[in-house]
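Trainee: Pasting a structure here, questions to come.
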Amino acid sequence: HELLADPKVDLLLAARGGYGCARLLDGLDWDLFVARDLPLVGYSDLTALHAAAFGHGYRRGVFGPMVAGDLGRIPADGEGVTALTGVYDSLRMALCGQPQTFSGLTCLRPGQDTGPLVPANLSVLASLAGTRHFPDFAGTILVLEDIGEAAYRVDRYLHQLDQAGVLGKLAGLVFAQFSETEDAEWLPGVLADFATRMPGPVASGLEFGHAFPSFSLPVGARFSLSVDESLGRLQFLP
């Protein structure tokens, strides 16, 4: 609230993820948050704040790098410099509303649709289900990622979202990076199973999440998801 009230502040940038963002949700002045309309950048545990804010009509969030993560990274070589430059470029484009297109995705269910993009950490998002801070995802394109979750837990979280009625309302679904996954060989089968329960297009393989480098994605911006047997593409619609 101090940051929102300070006219010199023009960006809210998370230092890191981890744990605790959900503790903020009951005490936030959402009218002030939406009216101030400052860009909010962060990912992982910031999913709780991004999702709740999206439900209140806020559309300036960016699921992007944080200070103690990629923004504090010191490249070891030229390849690292190139990768980090791409991270900064993607963040700038997301903050400025510039078009980004992500091609080469793997088809899990063909189709084409458009809708507001909602990137999220799967386990954090599932923890909000059933609370007043869980937004309506009808007509959205949901992008899911996670780290350190075994395949059976990914299955559990997806079941929770499916049984809560979320997946059946989506315009599209994109599975991004699932880093450091225990029993990773089972994960493709889990994702393919839930793709069959979707009414719209489903793709996997987006380079987005906890692994470096990762793209930045604007929360609530309108995107198109087009998936056929040979090509999956996620594209910003200006």
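Trainee: Please give the helices (runs of 4 or more DSSP H) falling wholly within region 37-128 in which 1 or more residues are at pLDDT below 95 and open to solvent by less than 40 Å² (accessible area, probe 1.4 Å).
Mentor: 78-96
Trainee: Just to be sure I understand the filter: pairs with C-beta atoms under 8 Å, separated by 6 or more residues or on different chains, first member in region 6-35 and within 23 Å of HIS210 (Cα to Cα), second member assigned to a loop (DSSP other than H, G, I, E, B) and open to solvent by 50 Å² or more (accessible area, probe 1.4 Å). Which pairs pass?
Mentor: LEU13/VAL67; ALA14/VAL67; ALA15/VAL67; ALA15/ALA68; ARG16/VAL67; ARG16/ALA68
Trainee: How many residues does region 183-206 hold that are surrounded by 15 or more Cβ atoms within 10 Å (Cβ to Cβ), assigned to a loop (DSSP other than H, G, I, E, B) and either β-branched (Val, Ile, Thr) or touching a Pro at 6+ places or on another chain (Cβ under 8 Å) (or both)?
Mentor: Within region 183-206, residues that are surrounded by 15 or more Cβ atoms within 10 Å (Cβ to Cβ), assigned to a loop (DSSP other than H, G, I, E, B) and either β-branched (Val, Ile, Thr) or touching a Pro at 6+ places or on another chain (Cβ under 8 Å) (or both) number 1.
Trainee: Counting only residues that are open to solvent by less than 60 Å² (accessible area, probe 1.4 Å) and either more than 19 Å from the chain's Cα centre (by Cα) or among the aromatic types (Phe, Trp, Tyr) (or both), how many does region 207-226 have?
Mentor: Residues that pass the stated criteria total 2.
Trainee: Please go through region 1-17 and pick out each residue that is surrounded by 12 or more Cβ atoms within 10 Å (Cβ to Cβ) and either touching a strand residue (DSSP E or B) at 6+ places or on another chain (Cβ under 8 Å) or closer than 23 Å to SER123 by Cβ (or both).
Mentor: LEU11, LEU12, LEU13, ALA14, ALA15, ARG16, GLY17
The values are calculated or read from the model by the stated rules, or taken from the named source; none is laboratory data. Note that the structure is a prediction, hence the values are computed from the model and not measured. A quick note on method: Cβ atoms are made from the backbone with ideal geometry, for glycine too, and the neighbour counts reach across all protein chains shown. Accessible surface areas use protein heavy atoms only, side chains included; no ligands, DNA or RNA. Shrake-Rupley method; radii C 1.70, N 1.55, O 1.52, S 1.80 Å.
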